[in-house]
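A short worksheet on the structure shown next.
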Amino acid sequence: MLDINFIRDHTERVKKGMLNKGEKSTDIVDKVLVKDEEWRKLVTEVGQLRADSNSRAKEIGALMGKGKKDEAQKIINETGQTKEKIKELEELLDQLAVERDSLLYQIPNVPDDSVPVGATENDNEVISEWGEKVQKEWFKPHWELASDKKWIDFERGSKVTGAGFPFYVGNMARLQRALINFFLNEAVKNGFTEIQAPYFVNEDSARGTGQIPDKEDMMYTMPRDGFFAIPTAEVPVTNFHRDEIFELDNLPVYYTAYTPCWRREAGSYGADVRGLNRLHQFDKVELVKFVHPDHSDRELESLKEYAESLLEKLGLPFRTLLMCTGDMGFTQTKKYDLEVWSPGQKRWLEVSSCSNFGSFQARRMQLRFRNENGKNEIMHTLNGSGLALPRVVAAIIETYQTEAGDMKVPEVLVPFMDAEKI
RNA sequence: GGAGAGAUGGCUGAGUGGUCGAAAGCGCUCCCCUGCUAAGGGAGUAUACUUCAAAAGGGUAUCGAGGGUUCGAAUCCCUCUCUCUCCGCCA
């Protein structure tokens, strides 16, 4: 959520950001300012009433102490209406705060100035491309190879759980494990602390990173226990430090975590969802950064560059996109997507998304640090995939396939696989 | 799952209805003393919101969370959460 004071001071900028992100109307900004105005007026009023009431109570206490019960009783008799009035206004105050906050939650983060203004994915900017796209006539899509080799069992996955929950079998299970190890090792080498996180989170955590109320439908829920299956490790890892205050010297903090991710993907259909392109359960190594607000810009750049280095090491051609305002999402100030080339499908597949959230997530989570002046200040958070497995696996299968129907193992994975070909 | 104990400021820990936002100690910051080290003396040291042009200063709230009783709650009552101990179960 945005800082209400920021909205008050930069109203036009907030509105412009909303429109650029594709919101139809900015009425909500005006509404929230009105609510805030009412709330602040009332807070002062209630404060005064409570001050009166407190000073009376002190007087009574003093009189009682001296044994002057009659005088005390006199004052007690006067307090009746004030008490009722306070109660009444307190209820109104709570209600106003709830209304103000629920409006506040609906205002998206303001895009950074460097983000191109645009409405759809067509307005995203391709900022770099790496690798040579090799194309052979006999190239097959990964699902054909995977089924020939019995590497991925979609049918049994459907039987046991449902569509989008495949089994990985034999060498493919091994390839997945190799990738997870490779990604985690690389991250640790680059200063990220590895952590293992819970796979379920509670409602507060889901709210902290912004899945609630915006993207509730993306998550699987366990109503009996009040848990959500994590749609990404970002949720538990960012919430790891919820409500904490960091010492200045301890920033930045980097984490990496491997977890499965569960997404309902309601409404998805068509050719996009074939094979490994879109699953309900998939594996991902996530990267999360907690940083000083002055550094989040450059931290995003280094995060993106790190994610790119993984694809380079795997020898997979890819391109990097700077997402336009309309395609970047509610909570981000700036976002890069990495797309790997899928030669079997002849299309780009998103495998990483690196985002700067500014203070948007941190404010909800009360994630603060003690700044240069000894004051508590909201920090900035970032995250990125490093990387999501299924589409990387798809690209590896397709890129490294041989005419005989085998697959060469990418060089960096050979030590993890104990095999050069599968 | 059963039984019991507990949750107070950065930490330890006092406080069972009336100047308690909270004793004391530790830690931390500043100052003084001391030619090193050690020790000693003094002052300060929570957060959020609000008021104010700003600072200073006010005000309000916060003793796990939420509700209640009362003129007044850290203190009494109810609900919840978490932690610890014992028993049971268990990878």
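The values are calculated or read from the model by the stated rules, or taken from the named source; none is laboratory data. Note that the coordinates shown come from a computational prediction; the quantities given were computed from them, not determined experimentally. Reconstructed Cβ throughout: ideal geometry from the backbone, glycine too, with neighbour counts over all protein chains shown. Note: areas computed on protein heavy atoms with side chains; ligands, DNA, RNA excluded. Shrake-Rupley method; radii C 1.70, N 1.55, O 1.52, S 1.80 Å.
General observations
- All positions within the stretch A:275-326 that are under 27 Å from A:Gln196 (Cα atoms) and small (Gly, Ala, Ser): A:Ser296, A:Ser302, A:Ala307, A:Ser309
- Just one of the listed residues (A:Gln95, A:Gln81, A:Gln106) is touching a helix residue (DSSP H, G or I) at 6+ places or on another chain (Cβ under 6 Å) and open to solvent by 80 Å² or more (accessible area, probe 1.4 Å), and it is A:Gln106.
- Those residues of the stretch A:82-121 which are free of Cβ contacts under 8 Å to residues at least 60 places away in the same chain and in a loop (DSSP other than H, G, I, E, B), in sequence order: A:Asp113
- Per-region count, the stretch A:344-375, residues assigned to a strand (DSSP E or B), more than 23 Å from the chain's Cα centre (by Cα) and within 16 Å of RNA strand B (Cβ to nearest atom): 1
- Criterion: more than 37 Å from the chain's Cα centre (by Cα), within 16 Å of RNA strand B (Cβ to nearest atom), part of a helix (DSSP H, G or I) and modelled with pLDDT of 90 or more - qualifying residue of A:Glu45, A:Glu37: A:Glu45
- Meets criteria (surrounded by fewer than 21 Cβ atoms within 10 Å (Cβ to Cβ), among the β-branched types (Val, Ile, Thr) and assigned by TED's automatic domain parsing to the domain that holds A:Asn373) for A:Ile212: yes
Rundown of residues vs (1) touching a helix residue (DSSP H, G or I) at 6+ places or on another chain (Cβ under 6 Å); (2) touching a residue at least 12 places away in the same chain (Cβ under 8 Å); (3) small (Gly, Ala, Ser), yes/no style:
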position: A:Ser296; (1), (2), (3): no, yes, yes
position: A:Leu300; (1), (2), (3): no, yes, no
position: A:Arg319; (1), (2), (3): no, yes, no
position: A:Trp341; (1), (2), (3): no, yes, no
position: A:Arg347; (1), (2), (3): no, no, no
position: A:Val351; (1), (2), (3): yes, yes, no
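- Qualifying residue in the stretch A:375-392 (condition: in the same structural domain as A:Glu216 (by TED's automatic domain parsing), within 20 Å of A:Gln135 (Cβ to Cβ) and surrounded by fewer than 24 Cβ atoms within 10 Å (Cβ to Cβ)): no
- Here the stretch A:232-274 is the region considered, the condition is being under 15 Å from A:Ile195 (Cβ atoms) and hydrophobic (A, V, I, L, M, F, W, C), and the residue that is most open to solvent (accessible area, probe 1.4 Å) is A:Phe240.
- Residue among A:Ser25, A:Ser53 that alone is within 12 Å of RNA strand B (Cβ to nearest atom) and open to solvent by less than 70 Å² (accessible area, probe 1.4 Å): A:Ser53
- Positions within the stretch A:377-403 being of a type in the set (Gly, Ala, Ser) and more than 15 Å from A:Arg274 (Cα to Cα), in sequence order: A:Gly384, A:Ser385, A:Gly386, A:Ala388
- Criterion: over 19 Å from A:Pro410 (Cβ atoms), modelled with pLDDT of 95 or more and among the β-branched types (Val, Ile, Thr) - qualifying residue of A:Val288, A:Val351: A:Val288
- Subset tally (residues that are within 8 Å of RNA strand B (Cβ to nearest atom) and part of a helix (DSSP H, G or I)) for the stretch A:60-81: 9
- For A:Lys16, the conditions (1) over 35 Å from the mean Cα position of the chain (by Cα); (2) open to solvent by 40 Å² or more (accessible area, probe 1.4 Å); (3) more than 8 Å from RNA strand B (Cβ to nearest atom) all hold with the exception of (1).
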